[in-house]
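The values are calculated or read from the model by the stated rules, or taken from the named source; none is laboratory data. Note that this is a predicted model, so its numbers are computed, not measured. No Cβ is skipped: glycine too gets one built from the backbone with ideal geometry, and neighbour counts run over all protein chains shown. Only protein heavy atoms, including side chains, enter the accessible area calculation; ligands, DNA and RNA are left aside. Shrake-Rupley method; radii C 1.70, N 1.55, O 1.52, S 1.80 Å.
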Amino acid sequence: MKLIITDLEDFKASVEGDHKIIQPQGNIQNCIGCFGCWARTPGRCVIHDGYENTGIDMSKCTELIFVSRCCYGSVSPFVKTVQDRAISYIHPDFVMRRGEMHHKRRYDNVILLSAYYYGENITDAEKETARKILEANADNYDGSVKDIYFYKSAEELEGLLI
């Protein structure tokens with residue numbers, strides 16, 4: 001399954017195959033760092049606002065796709081908040097991977113990450129930052145980067161086949 005996390009309320013791209021879209025619907029609460037998703041309700045956030053199952057959704061996906069406004073080389077505040085709320089996807093224990101300490105996998109799936117950034121005047125420095133952050137996310141999720149794309153506006157994503 002493809003899991004798409006987007007800040008677009010009216011997402012108009014075409015998606016091939018089995019997929020789920022997480023987009024702004026009501027207020028999303030910030031992660032409060034309570035670690036309840038690791039200890040009390042493993043895999044599920046303890047905040048009930050409609051976004052509590054994002055970690056579980058990630059456990060079912062083979063590709064995680066961010067569709068977001070580029071904010072200084074990173075995702076938008078909404079997409080980042082969804083990512084933060086999905087910390088339950090990983091396990092609280094640590095392992096060494098490629099000489100670095102990372103959280104252990106909670107689930108068996110391996111995720112490919114892709115990002116579709118939009119925004120006027122995205123600089124080369126922002127593009128490089130975005131690539132590095134996506135690679136760091138892939139390392140943290142014990143996955144790998146598939147693709148990264150940049151567009152001048154959200155309208156350019158309309159009709160795009162993902």
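So the values come out like this:
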item	result
Cross-link pairs Lys60/Lys127; Lys80/Lys127; Lys60/Lys152; Lys80/Lys132 - those with Cα-Cα distance over 21 Å	Lys60/Lys127; Lys60/Lys152
Relative contact order [Cα under 8 Å, 6+ residues apart], the chain, whole percent	26 percent
Estimated [θ] at 222 nm from DSSP helical runs (n ≥ 4, -39500 (n - 2.57)) normalised by residues in the chain, nearest 500	-6500 deg cm²/dmol
Percent carbon-and-sulfur accessible area, the stretch 13-135, ignoring ligands, DNA and RNA, probe 1.4 Å	50 percent
Phi to ³J(HN,Hα) by Karplus 6.51 cos²θ - 1.76 cosθ + 1.60 over the stretch 138-147, Hz, x for Gly, Pro	4, 4, 5, 8, 6, x, 8, 7, 9, 8
By accessible area with a 1.4 Å probe, ligands and nucleic acids excluded, highest first: order of Leu134, Leu160	Leu160, Leu134
Positive-pole candidate from Leu160, Tyr107, Pro24, dipole of the chain, charges at beta carbon	Tyr107
Euclidean distance between Cα centres, the stretch 1-19 to the stretch 64-101, Å	18 Å
Structure-derived Cα extents along the principal axes in Å: which label, when the choices are (1) 42, 38, 30; (2) 53, 35, 26; (3) 72, 35, 34	(1)
Where only C-alpha atoms are counted, convex hull volume of the stretch 86-162 per residue in Å³	111 Å³
Built amide H within the under 5 Å cut-off of Arg69, gap 5+	Asp7, Ser76, Tyr118
Residues of the stretch 1-145: accessible area per residue with a 1.4 Å probe, Å²	51 Å²
For the stretch 79-120: relative contact order, % (alpha-carbon pairs under 8 angstrom, 6 or more apart)	28 percent
Contour minus Cα-Cα distance for Glu135 and Phe35 (0.36 nm per residue)	33.5 nm
Computed Kirkwood radius, in angstrom, where 1/r is averaged over Cα pairs of the stretch 1-51	13.0 Å
With all protein chains modelled, accessible area of Lys152 [1.4 Å, Å²]	150 Å²
Highest-fluctuation residue, Ile22, Ile32, Ile133 considered, GNM on the chain with Cα pairs under 10 Å	Ile32
Phi to ³J(HN,Hα) by Karplus 6.51 cos²θ - 1.76 cosθ + 1.60 over the stretch 25-41, Hz, x for Gly, Pro	8, x, 7, 9, 8, 6, 4, 9, x, 7, 6, x, 5, 8, 10, 7, 10
